[in-house]
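I have a structure I would like to understand better, so I am pasting it below and will then ask my questions one at a time.
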Amino acid sequence: MAAEILVYIGGAYQVTWIISHLMFPRIFDWKNTLASLDDFNRYLMLILSKLLLVFYLGTAVFCFVYADDLVDTDLGIALLIFLAIYWLVRALLQVQYFGFERANSMNVHMSSSDTSNKTISIILFFIFLMGTALFLAPVLLSEL
């Protein structure tokens, strides 16, 4: 039962990413910031952003509708492991591209508050690791 509850929480985690990605165009002023890109790269950014929405929505639905199957079947376990790996890779990419110290020198402000980019990058890194743990824990619990 604990494994299924973690899967439901994982579904809610995916929903929070849907909400945050829906706000990206406004938060990052994509109308102006993407205008400097050529058409191909601008449209590619928009397409990839929308594909992430579909991915997060699909995985959230799996978590909410098929929680039992995700912890009780080999295919479900494989999907949970994939999601754990996805969030681990996302955490590592956060460090690779934004870093912690380097984030402060970027020409974008990740927050409208006085919070530094470094602090936000560190927080995001741990939030992404939390996603890894959320999807890996049910796998470990189902093996007990």
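The values are calculated or read from the model by the stated rules, or taken from the named source; none is laboratory data. This is a predicted model, so every value here is computed, not measured. Here Cβ is always computed from backbone atoms with ideal geometry, including for glycine, and neighbour counts include all displayed protein chains. With ligands, DNA and RNA removed, areas are computed over all heavy atoms of the protein, side chains included. Shrake-Rupley method; radii C 1.70, N 1.55, O 1.52, S 1.80 Å.
Among Phe40, Phe126, Phe64, which one shows the biggest mean-square fluctuation in a GNM of the chain, springs joining Cα atoms closer than 10 Å?
Greatest mean-square fluctuation among the candidates belongs to Phe40.
Quick check: pseudo-label points 7 Å beyond the Cα along Cα→Cβ at Asp29 and Glu143, how many nm apart are they?
Taking the two extended label points, one gets 4.8 nm.
How far apart, in nm, are two points set 7 Å out from the Cα along the Cα-to-Cβ line at Met1 and at Tyr86?
2.9
Would you check the accessible area of Thr115, probe 1.4 Å, heavy atoms only, in square angstrom rounded to 10?
Around 60 Å² of this residue is reachable by solvent.
Can you give the convex hull volume per residue for the Cα atoms of region 20-78, as a whole number of Å³?
So the per-residue Cα hull volume is 83 Å³.
Treating only the Cβ of Lys, Arg, Asp and Glu as charged (+1, +1, -1, -1), what charge dipole size does the chain show about its Cα centre? Round to the nearest 20 debye. Present the calculation step by step, with values, prior to reporting the outcome.
Working: 7 positive and 11 negative charges, 130 e Å.
Result for the chain is approximately 620 debye, rounded to the nearest 20.
Moving on. Counting each DSSP H run of 4 or more residues in the chain as -39500 (n - 2.57), what helix-only mean residue ellipticity at 222 nm follows after dividing by all residues, to the nearest 500 deg cm²/dmol?
Values: 6 runs with 113 residues, N = 144.
-27000 deg cm²/dmol, from helical runs alone.
Relative contact order for the chain: what is it in percent, counting Cα pairs under 8 Å that are at least 6 residues apart?
RCO, the chain: 36 percent.
Within 10 Å, count the other beta carbons around each residue, average over each peptide in 70-76, 24-30, and list them highest first.
Working: 70-76: 16.1, 24-30: 13.3.
Peptide ranking by packing, descending: 70-76, 24-30.
Would you calculate the separation in nanometres between label points at Asp74 and Asn104, each defined as 7 Å from the Cα along the Cα-to-beta-carbon direction?
5.1
Let me ask something additional. When you count, for each residue, the other Cβ atoms within 10 Å and take the mean per peptide, how do 48-56, 90-98, 2-10 rank with the highest first?
Listed from highest to lowest mean packing, they are 2-10, 90-98, 48-56.
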